[in-house]
1. Would you tally the net charge around Val230, using a Cβ to Cβ cut-off of less than 12 Å, leaving Val230 out, and scoring K and R as +1, D and E as -1?
2. Quick check for me: using +1 on Lys/Arg Cβ and -1 on Asp/Glu Cβ, what's the dipole size of the stretch 13-260 about its Cα centre, in debye to the nearest 20?
3. May I ask you to work out the translational diffusion coefficient for the stretch 13-260 at 4 °C, viscosity 1.567 mPa s, via Stokes-Einstein with Rh from the Kirkwood sum over Cα pairs, reported in whole µm²/s?
4. Short version: ³J(HN,Hα) in whole Hz for each residue of the stretch 170-181, in order, from phi by Karplus 6.51 cos²θ - 1.76 cosθ + 1.60 (θ = phi - 60°), x for Gly and Pro, what are they?
5. In nanometres, what is the gap between the two model label sites at Thr41 and Glu150, each 7 Å from Cα along Cα-to-Cβ?
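None of the figures in this text is laboratory data; all of them are computed from the coordinates on show. Because the structure is a prediction, the values reported are computed rather than measured. Positions of Cβ are generated from backbone atoms using ideal geometry, with glycine treated the same way; all protein chains shown enter the neighbour counts.
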Amino acid sequence: MSNQPVLKRMNDAIHANGDHFVNGATSDIAITSHGSDWYWTVCAVMALSSIAFIGLSFTKPRPDRLFHYITAAITMVASIAYFTMGSDLGETGIRPEFIRTNPKVSGTLREIFYVRYIDWVITTPLLLMDILLTAGLPWPTILYTILIDEIMIITGLVGALVTSSYKWGYYVFGCFALFWVGWTLIWTGRKHAAAIGPDVSKTYLIVGTWTAFLWFLYPIAWGLSEGGNVISPDSEAVFYGILDILAKPVFGALLIWGHRGIEPGRLGIHIRDYEEGPSYTQGTHNPEKAANGNNGVTDGATTSGANV
Ligand code: RET
C-alpha cells in the first residue's frame, strides 16, 4: 500500500508564489497553506455573491438596478483581491516594529498584503454610496465622506508599510477619519433617511448600523496584525476575512432586500430609460414632492407619510 493521501493536495500557491522574501531574510512571518485555503474560500464566497447580485438585478427594470450594480461591483473587486491573497501574491515583507518570541509571529519580516488596501480603496467608497444614497443625502456630502474614507484607507496602508513607531501616527489619522465617517453614517444619514419615510428609515437603520459596527472592528484587526504583530498572518486572514464577508456579501443581501419596495425616485435618484419612453423610473412618482424640488428630503425631522 502506498502512503499517498486519497485526496491530493490541490492548493500549490505557497509553493508556487511563497518563499519570496529575499535580501538575506532568515525567517518570514507569512501565511501557511491553511491561510491560503481560507483566502480561496472567501474568494469563492465573493464570486458567488457577485453572480447572485447580478442575477437579482434582472428581476428589476433597468433604471432600478443601481444598487444591484454597486453591490455586485463591490464583491467582484473583492473576489479578485481574495484570488490574489489566496495565491500568496499582492504582499510584501515588512520588518515588524515589535519583535516577538511567540514562534507564530517571530521572524525578520512580516507579510503585509497591500492588495487588501487596493480592494478597500475601491470598495469602501462603493459601500458608502450604497448606504448614503439610501439616505437620500446630497451628492456633495457623499463625495466629501468618500474623500475622508480614502484618507482612512490610505493612512492604513502607509502605516502598515512603515516599520518604526511612526506607523501609529498614520493609524491615529485613520481613526479620526473613521470617526468622521461613522458620524455621517450614524447621525446625518439617519436623519435624512427618516425624513423620506419609515420603510427607507428602517432599511437605512439596518444597513447603517451594521456597517458602523463592523467598520469599528477593522482598526482592531489592524492593531493586532500589521500594527502590533500580535496575531499570525493566518489569524489575520480569518479576522479580516470574516469582517469582509459580513461587510460585503451579508451587507449587500440586507441592502438589496431592504430596497425591494423602494423606488429610486423617492431617494432623489432619477434615471431616464429611453428604451421605455421618456418617463422617470417606474413606480409612484409623487408630483407634490417633485414640486418641492427636493423630493421631500429635508434637514429637519419631517417625516412624510404621503410617499409610504
Ligand atoms: C485601518 C487602519 C487605520 C485606521 C483605520 C482603519 C480602518 C479600516 C476600515 C476598513 C473597512 C473595510 C471594509 C472593507 C470591505 O470589505 C485602515 C484598518 C480606522 C474601516 C468595510
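1. The answer is 0.
2. Numbers: 14 positive and 17 negative charges, 154 e Å.
Value, rounded to 20: 740 debye.
3. 69 µm²/s
4. 5, 4, 5, 4, x, 5, 4, 4, 4, 4, 4, 4
5. The modelled label-to-label distance comes out at 3.6 nm.
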